[in-house]
Amino acid sequence: MSRFQVKKVAVLGAGVMGAQIAAHLVNVKVPVVLFDLPAKEGPKNGIVTRAVEGLKKLKPSPLGVADDAALIGQANYEEHLEQLRDCDLIIEAIAERMDWKLDLYQRIAPALSAHAIVASNTSGLSITKLAEALPYLNAELRCAEYHLGAGVVLWSRDGRKYAFRPFEIAIAPVRDRGEAERLARGIVETVNEIWGRRDAIEPSFEGAKPLPTVLEIYKRLPGTNCKACGYLSCMAFAAALRSDPAKSDLCPFPPREGGARGPD
């Protein structure tokens with residue numbers, strides 16, 4: 001299984017937490033760009049600029065070398081969203097207001113690359129609240145399955161399987177990066193369109209049948225531990241399938257007696 005490489009990071013929110021996260025990334029020589037709202041007066045990157053300058057004054061300093069503050073890229077959501085396309089990891093660190101976070105996720109989603117990981121620096125908000133959009137997808141996507149316990153909505157269209165979670169959308173199968181990016185843009189537009197109409201939608205919390213256990217999924221796998229799926233064993237692949245049924249096509253063998261491999 002290939003290792004995910006983080007070559008560039010974006011930090012969303014130039015408050016105390018966000019600025020110091022950016023500082024620590026600079027300390028370990030990871031290129032980082034720090035985002036915030038455009039300033040109402042003066043240069044539009046003014047909020048970020050003040051945050052970066054403030055890092056030099058903190059005691060103890062989060063910067064190993066004070067002059068390395070200049071290595072933190074500065075950006076705002078109005079002018080520089082295209083810079084997110086080059087980022088492998090996006091760390092959201094804005095204030096803990098659910099409406100602000102959801103609005104920000106909708107704003108940045110079209111600019112993200114298909115492989116990017118989005119993480120939230122959240123302590124006071126539960127992961128179930130961050131999944132607020134899922135019941136609306138469950139209501140609007142024909143034949144969707146909402147697995148409440150796992151926090152995932154499963155959906156199939158045009159021979160592909162989609163798995164919607166609070167911070168990611170998984171799609172399989174895809175032929176190449178270009179197709180992945182095209183499909184990702186299309187499904188993000190669909191999600192945003194549904195979320196934009198949420199006031200007129202009755203959210204559906206009707207759940208699908210309970211997910212099978214990891215052992216039940218394992219019993220449908222070949223049990224050869226061939227690693228063709230990218231996992232070290234069939235049991236490890238079964239655990240991955242339980243959280244992401246879209247990965248079922250990674251196994252080159254037909255399912256053993258008992259039906260499909262994954263939860264669907």
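Details
- Within the range 159-195, considering residues that are under 19 Å from Ser248 (Cα atoms) and among the β-branched types (Val, Ile, Thr), the one surrounded by the most Cβ atoms within 10 Å (Cβ to Cβ): Ile169
Conditions tested, residue by residue: (1) at pLDDT below 90; (2) in contact with a Phe, Trp or Tyr (Cβ under 6 Å, 6 or more places away or on another chain); (3) under 30 Å from Glu181 (Cα atoms).
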site	(1), (2), (3)
Ala39	no, no, no
Ile47	no, no, no
Gly54	no, no, no
Gly73	no, no, yes
Gln83	no, no, yes
Met98	yes, no, yes
Leu102	yes, no, yes
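- Scanning the range 4-54 for residues that are surrounded by fewer than 24 Cβ atoms within 10 Å (Cβ to Cβ) and under 22 Å from the mean Cα position of the chain (by Cα) yields a total of 18.
- All positions within the range 195-231 that are of a type in the set (A, V, I, L, M, F, W, C) and touching a residue at least 60 places away in the same chain (Cβ under 8 Å): Trp195, Ile201, Phe205, Ala208, Leu211
- Search result, residues across the range 44-84 that are charged (D, E, K, R) and either assigned to a helix (DSSP H, G or I) or in contact with a His (Cβ under 7 Å, 6 or more places away or on another chain) (or both): Arg50, Glu53, Asp67, Asp68, Glu82
- Of the residues screened, Ile91 is one that is under 14 Å from the mean Cα position of the chain (by Cα), modelled with pLDDT of 90 or more and assigned to a strand (DSSP E or B).
- Among the residues of the range 147-159, those identified as out of contact with any Leu (no Cβ under 6 Å at 6 or more places or on another chain) and free of Cβ contacts under 8 Å to residues at least 24 places away in the same chain are Arg157, Asp158, Gly159.
The values are calculated or read from the model by the stated rules, or taken from the named source; none is laboratory data. None of these values were measured; they are calculated from a predicted model. Glycine gets a Cβ as well: all are built from the backbone with ideal geometry, and neighbour counts include every protein chain shown.
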